[in-house]
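Following: one structure in structure tokens, then a few remarks.
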Amino acid sequence: DQQVKQNSPSLSVQEGRISILNCDYTNSMFDYFLWYKKYPAEGPTFLISISSIKDKNEDGRFTVFLNKSAKHLSLHIVPSQPGDSAVYFCAAKGGGSNYKLTFGKGTLLTVNP
Amino acid sequence: NAGVTQTPKFRVLKTGQSMTLLCAQDMNHEYMYWYRQDPGMGLRLIHYSVGEGTTAKGEVPDGYNVSRLKKQNFLLGLESAAPSQTSVYFCASSYYGQENEKLFFGSGTQLSVL
């Protein structure tokens, strides 16, 4: 069973607009969530994270929102830039195995100039 | 400032051949991990290590072995490669595996098994 779900395989937005990437999880023991960004032929790089004790974390153009009751988090990118085009992975950890990350399948974001 | 380095970057094997992937990190991290990425599957944990001399199984360990003889190195071995092991392999590391830690990834190894 997939514990971290990214139901949108791809998303296309115009430069300057907002990109919203969604992630759902099923394991209520998860208590820390991360977003990774991956360009082709490169490894994933850390983007932003949020602890379950918060509902929002912001870093420049990137904001992550967490709704624990709905087991849902989202990544907002404002404004979107062509260089943001990449695959975005949602990941979660916790539940007794704090050091292991469980990943979603990823969402391919394309930002059109 | 190398971070996590994986060798080789590309490899083609025939079914039944063996090979070893090498991961090296220069950040003095205790924890190291091997993931594989397949189309539409995200990243799945193969094996991991919580310190020198230790290894443990992840989600998809079958067909792989690992060793952590030195703190900075984590080796992933395929004893008898199968086409199902065609994938991109990523090594990662973290300091102590604490709750609010992030993992640092290498750039990956593209493996094709014919």
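None of the figures in this text is laboratory data; all of them are computed from the coordinates on show. Quick caveat, the model's predicted, so the values are computed rather than measured. Heads up, the Cβs are rebuilt from the backbone with ideal geometry, glycines too, and the neighbour counts pull from every protein chain shown.
When A:SER80 is tested against (1) small (Gly, Ala, Ser); (2) surrounded by 14 or more Cβ atoms within 10 Å (Cβ to Cβ); (3) within 11 Å of chain B (Cβ to nearest Cβ), only condition (3) is not met.
Taking the listed residues A:LYS68, A:LYS54, A:LYS37, the one that is within 14 Å of another protein chain (Cβ to nearest Cβ) and surrounded by fewer than 16 Cβ atoms within 10 Å (Cβ to Cβ) is A:LYS54, with no other qualifying. Looking at B:ASP38, B:ASP26, B:ASP62 in this structure, which one is in contact with a Gly (Cβ under 8 Å, 6 or more places away or on another chain) and surrounded by fewer than 16 Cβ atoms within 10 Å (Cβ to Cβ)? Criteria check complete, one pass: B:ASP26.
Yes or no: B:THR54 surrounded by fewer than 14 Cβ atoms within 10 Å (Cβ to Cβ) and of a type in the set (Val, Ile, Thr)? The answer is yes for B:THR54.
The strands (runs of 3 or more DSSP E) falling completely within the range A:1-66 that include 1 or more residues that are more than 17 Å from A:LYS105 (Cβ to Cβ) and under 14 Å from the mean Cα position of the chain (by Cα) map to A:19-25, A:30-38, A:45-51, A:56-59. Restricting A:PHE46, A:PHE30 to those that are closer than 20 Å to B:GLY108 by Cβ, surrounded by 14 or more Cβ atoms within 10 Å (Cβ to Cβ) and in contact with a Lys or Arg (Cβ under 8 Å, 6 or more places away or on another chain) reduces the list to A:PHE46. Within the range A:1-34, being polar (S, T, N, Q) and out of contact with any strand residue (DSSP E or B) (no Cβ under 6 Å at 6 or more places or on another chain) holds for A:GLN2, A:ASN7, A:THR26, A:ASN27, A:SER28.
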